[in-house]
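The values are calculated or read from the model by the stated rules, or taken from the named source; none is laboratory data. Source: prediction; values computed, not measured. Cβ: placed from backbone, ideal geometry, glycine included. Neighbour counts: every protein chain shown.
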Amino acid sequence: MPFLGYFNPNHCSIDSFNPLLVKDLSDQNNTVISGDNWAIAGNNVLFQDNLAIALDGFCLNLDQQDQLQQIAELYRKHKTNLPNELNGPFAIAIIDSTQNSLLLIRDHIGQKEHFHATLTSKTVVFSTHLNPLKKFPRISTQLNIKTLADFTSLGYVPPPNTFYTGIKRLKPASTLLVDERQTCESNFWMPTFKPYKKINFHDAIEETWRRLDIAVNRCLQCKPHADSLLSGGIDSNLITAIASTSPAFSGNAFTAGFQNPLYDERTLAKIASDKYRINNFVTEVVPTHCTLLTPILSAYGEPFADASIIPTTVAMLLAKYNGATAILSGTGGDEIFAGYRRYQAMALRQKWNFLPKWLVNAVATTIIALCGNKPHDTRSRLATLTRMANFWKQPPIQGFATFQEIFNHDLKQQLLTFATNSYLEQWQKVVEHLEKPTFLEQANAIDIATYLPEDGCRKEAIATNFVSITSLNPMLDRELVEFALQLPPSFRLTTRSRKRVLTQIAEYIIPPELIRQPKRGFGMPLADWFSDESTQLLDQLEDKPQLWDKHGYFNHAVIQKLIHEHREGIKNNAYQLWLILTLAKA
């Protein structure tokens, strides 16, 4: 459960911040604990022997009873090294009165979020939700223009920023220590690939299966009678298949489908649920579900442009309606076990790195000229080929960005007059710690440190918080992650196959029809929806853009051009238009 608190290391007067303020801005049902220069409100708080502790989330490696007490004991023993002793989705705040210090912790992968703001009085205000901080006195909620540029590229705001100048976002696997002498942010974990484990492929399959089974059962021990999200993909099916053998599993799975067969997985989910002998509840995501966008973003507190937030939320609502309180998902499987095509692109580039640059550029330019401007679906092979060609024309990390960017650099420069690429600097820092990394390892590390927490996990957190349900992600179990990343590279991915170890496990326990299917995930047919007259999505963008772009940060002529190209079938600009729509609706 979320918490909100404040702390002043210098014992300055903070009378205006009465402890009841944090209760008023969070939840009237919360417990408030306080001292002379601090206060915390939350449903999961503890004050004992000069330690005040708040926890949002849970620790998989601790007994489920009295987790706060166990965290207190571990903190006394390990102090700021406490995070190395924990495993799971957690955000923690610890105020140590004997040290007159505040320690904020965000979990290894970033499944939970942690926000903080520093006032002129040196008071630090912190919360695991944005909205309480936006309402807190003297915290600036002026738009941070720099983050707007990053947002148009990625569809989310990367740490340490938020959309607001006065509020910062703690990075995944990081701590923030505040005391009388310093305010220091430190990283305590990063993805590590070397040394590779000395293990054969058969044993790697057996050990991965064993660890995945442990991870699923840890989640079920933590949240008994949990349900699951079920698609037609390998990850959610492995999780559901393993869970179905446990008496702690509810026996229910939930699937969101579409009318468009390219995105619909209900038939596959039915095949899977019949094999596992579980109940499969299904729903269809329709264009009118776009009306959820405004309340979702309002509840979260800032724009977020991953369109799959809609089907994810709809699936969570279905689960909640049918009594679910916690839900298993396969989030993280593609990042941890190398399931994306873009990883194959990086591996292929490493293999062909000997080719002359002029030849690579000539081939890439020809491909772009032949198919780059056609209105193809973003999931088609033609779209993938176009991205591949753009990728080959640039240095590895900048090329990798072409697989992630919604607005590329040139288009962003047209849309915004102040566009920058600061997130690429952060990506470069991610790979600096790696030991002689391959192109694949660079890309994988970037995804695990940025895309996975700030898009995948954030999307799930936004949906589950909106619905009031708990998400469980066995693929992100710390011990499983660390084991998987140090497998020999070819055990995870080759230029011909992805997620090799997981696919081999899947051969034993999930229906064969699912293994042969293309990857779909929880995407949605945006192009169809923009064409659907019932949604009037394009009309909403065309109608008086100055009402939502009050400061004139956007070139409205560029937006009109994007709308025209999409409406006339010249280009598929659905994802670019959706990003702009999220800004208009937030």
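Results, tabulated for the structure shown:
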| quantity | calculated |
| --- | --- |
| Candidates 319, 315, 338, 299, filtered to the one that is modelled with pLDDT of 85 or more, outside any helix (DSSP H, G or I) and within 28 Å of residue 89 (Cβ to Cβ) | 338 |
| Residue within region 193-207 that is among the polar types (S, T, N, Q), at pLDDT 95 or above and surrounded by 14 or more Cβ atoms within 10 Å (Cβ to Cβ) present | no |
| Any hit, region 190-197, residues being of a type outside the set (D, E, K, R), over 21 Å from the mean Cα position of the chain (by Cα) and assigned by TED's automatic domain parsing to the domain that holds residue 317 | no |
| Candidate set from region 543-576 (those that are in contact (Cβ under 8 Å) with a residue 60 or more places away in the chain and not in a helix (DSSP H, G or I)); member that is surrounded by the fewest Cβ atoms within 10 Å (Cβ to Cβ) | 551 |
| Residue 187, sole failed condition from (1) on the phi < 0 side of the Ramachandran plot; (2) free of Cβ contacts under 8 Å to residues at least 60 places away in the same chain; (3) more than 22 Å from the chain's Cα centre (by Cα) | (3) |
| Of all residues making up region 322-344, the number that are of a type outside the set (Lys, Arg) and in contact with a Lys or Arg (Cβ under 8 Å, 6 or more places away or on another chain) | 10 |
| Selected residue (criterion: surrounded by the most Cβ atoms within 10 Å (Cβ to Cβ)) from residues of region 119-131 that are touching a residue at least 24 places away in the same chain (Cβ under 8 Å) and over 22 Å from residue 45 (Cβ atoms) | 122 |
| So residue 503, is it of a type in the set (Ser, Thr, Tyr), at pLDDT below 95, more than 30 Å from residue 301 (Cα to Cα) and in the same structural domain as residue 236 (by TED's automatic domain parsing) | no |
| Failed condition for residue 166, given (1) touching a helix residue (DSSP H, G or I) at 6+ places or on another chain (Cβ under 9 Å); (2) buried (at least 24 other Cβ atoms within 10 Å of the Cβ); (3) of a type outside the set (Phe, Trp, Tyr) | (2) |
| Close pairs from region 323-340: first closer than 13 Å to residue 448 by Cα, partner assigned to a helix (DSSP H, G or I) and small (Gly, Ala, Ser), Cβ under 7 Å, at least 6 apart | 331/456; 332/456; 336/484; 337/484; 339/333 |
| Criterion violated by residue 35 - all others in (1) in contact (Cβ under 8 Å) with a residue 60 or more places away in the chain; (2) over 25 Å from residue 139 (Cα atoms); (3) surrounded by fewer than 19 Cβ atoms within 10 Å (Cβ to Cβ) satisfied | (2) |
| Residue that is among the polar types (S, T, N, Q) and in contact with a Lys or Arg (Cβ under 7 Å, 6 or more places away or on another chain), where the choices are 283, 312, 288, 267 | 312 |
| Exclusive hit being free of Cβ contacts under 8 Å to residues at least 24 places away in the same chain and either assigned to a strand (DSSP E or B) or crowded, with 21+ Cβ neighbours inside 10 Å (or both), set 175, 147 | 147 |
| Any hit, region 18-39, residues being at pLDDT 90 or above and under 20 Å from residue 79 (Cα atoms) | yes |
| Among (1) on the phi > 0 side of the Ramachandran plot; (2) at pLDDT below 95; (3) not β-branched (Val, Ile, Thr) - the single one residue 61 does not satisfy | (1) |
| Flag for residue 166 being touching a strand residue (DSSP E or B) at 6+ places or on another chain (Cβ under 6 Å), closer than 22 Å to residue 40 by Cβ, in a loop (DSSP other than H, G, I, E, B) and at pLDDT 95 or above | yes |
| Subset of region 231-273 [free of Cβ contacts under 8 Å to residues at least 60 places away in the same chain, within 22 Å of residue 212 (Cα to Cα) and surrounded by fewer than 23 Cβ atoms within 10 Å (Cβ to Cβ)] | 244, 245, 246, 247, 248, 251 |
